[in-house]
Amino acid sequence: MTITDLIWTTLWVDGGAGPLSNRLARGIWWMSKRMTRKEKGLISAVGPLILILTLLAWGMLLWLGLALFFTGDPDSIVKTTFEGPVSWYERVYFSGFTLFTLGVGDYSPQPGFWQLITAFNSGLGLMLLTLGASYVISVISAVVKKRALARTITGLGTTSSDILKNSWNGDNFHQLDLILMTVSSQITELTQQHQAFPLLHFYHSRKAEESSAVSIALLDNALSVLHCGVNDTSVYNATLVREARSSIKTYLDTMDRALINESDREPSSLNLDDYTDTSIPLVSQMEFDNRLTDYHYRRRQLLGLVEADNHKWPEND
């Protein structure tokens, strides 16, 4: 069962986390949420904690399973130093040092079948080390990319109005084209990484500017103003805006499958009055609000994602 969970979690890209590691992660997350309710900064340590405990669980369960297997035959292990019966804790010791060190000790397996099992035991230890190390590297790399995405977006501005004002050159928003292409690709990659490594769901940043949830909500606010509030589509690249919004929607659907559900309330409304000092061609506030009604569920999804990350909604002011 442990071998299946190890291979499932580390090698099966479409499978997500295995049954054991998935339940372990959700249990630790549930307990951590209750314990850190008053100190939200501690939630940033939950991801590394789950990763460490997952690796320990794989190692300990493999050790336990192999020790039980060797215990099935009283004569499976013999002492090399002197005659005498082998106790249960000596079988646990033997299965442990062959699993973790590939070394030799004061005990040896009986010739034949138990020698083959010992070789298999050593092979499992090597597999645990190799897959565990590659899994850690992959998860940490994905976490770094996740924070790099957040920095890329928040570097444009701390509010959606800042992003749009900084991108408006007086005639159009085409300065955003290259950024939208890059960010759309990063969000798509992040979505695939969340599907391959569900442990990413539990990695949270203490700083809002490094939170992918906050930055994606911030970007979606800006894209909503372009998509629903600008009455002249020639001033922005509609194809790139549509692609970026589609990438965000796929990301939100992936979060839904991770049990990060939409909020039960609507986030604060976007105000077009923030752009009155610019020459951006905008529709009326009433028409803009009417167009946004089609995206109420999407905005509740974004708010639920931000709240699950223990941050505040990026206000548009």
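The values are calculated or read from the model by the stated rules, or taken from the named source; none is laboratory data. In this text the structure is predicted, and so the values were computed from the model without any measurement. For neighbour counting, all protein chains shown are included, and Cβ atoms are generated from backbone atoms with ideal geometry for every residue, glycine included. Keep in mind that these areas ignore ligands, DNA and RNA; they rest on the heavy atoms of the full protein, side chains included. Shrake-Rupley method; radii C 1.70, N 1.55, O 1.52, S 1.80 Å.
Worth a mention:
- Those residues of region 1-28 which are among the hydrophobic types (A, V, I, L, M, F, W, C), open to solvent by 50 Å² or more (accessible area, probe 1.4 Å) and part of a helix (DSSP H, G or I), in sequence order: I3, I7, W8, L11, V13, L20, L24
- Flag if A57 is surrounded by 14 or more Cβ atoms within 10 Å (Cβ to Cβ), modelled with pLDDT under 85, within 27 Å of L131 (Cα to Cα) and of a type outside the set (F, W, Y): no
- Search result, residues across region 9-29 that are without any contact (Cβ under 8 Å) to a residue 12 or more places away in the chain and within 24 Å of L68 (Cβ to Cβ): R23, G27
- Selection within region 284-308 - open to solvent by 20 Å² or more (accessible area, probe 1.4 Å) and under 23 Å from N166 (Cα atoms): S284, Q285
For (1) modelled with pLDDT of 90 or more; (2) within 18 Å of K249 (Cβ to Cβ), each residue gets a yes or a no:
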site: A148; (1), (2): yes, no
site: T152; (1), (2): yes, no
site: G157; (1), (2): no, no
site: D177; (1), (2): yes, no
site: T188; (1), (2): yes, yes
site: H194; (1), (2): no, yes
site: L199; (1), (2): no, no
site: E210; (1), (2): no, no
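- Selection of region 203-212 for residues being open to solvent by 20 Å² or more (accessible area, probe 1.4 Å) and part of a helix (DSSP H, G or I) yields A208, E209, E210.
- Residues in region 238-279 that are among the aliphatic types (A, V, I, L, M) and in contact with a helix residue (DSSP H, G or I) (Cβ under 7 Å, 6 or more places away or on another chain): L240, V241, A244, I248, L252, M255, A258, I260, L270, L272.
- Matching residues in region 199-231 - criterion: being among the hydrophobic types (A, V, I, L, M, F, W, C) and touching a Gly at 6+ places or on another chain (Cβ under 6 Å): F202
- Residues that are β-branched (V, I, T) and more than 18 Å from G123 (Cα to Cα) within region 61-102 comprise T71, I77, V78, T80, T81, V86, listed in sequence order.
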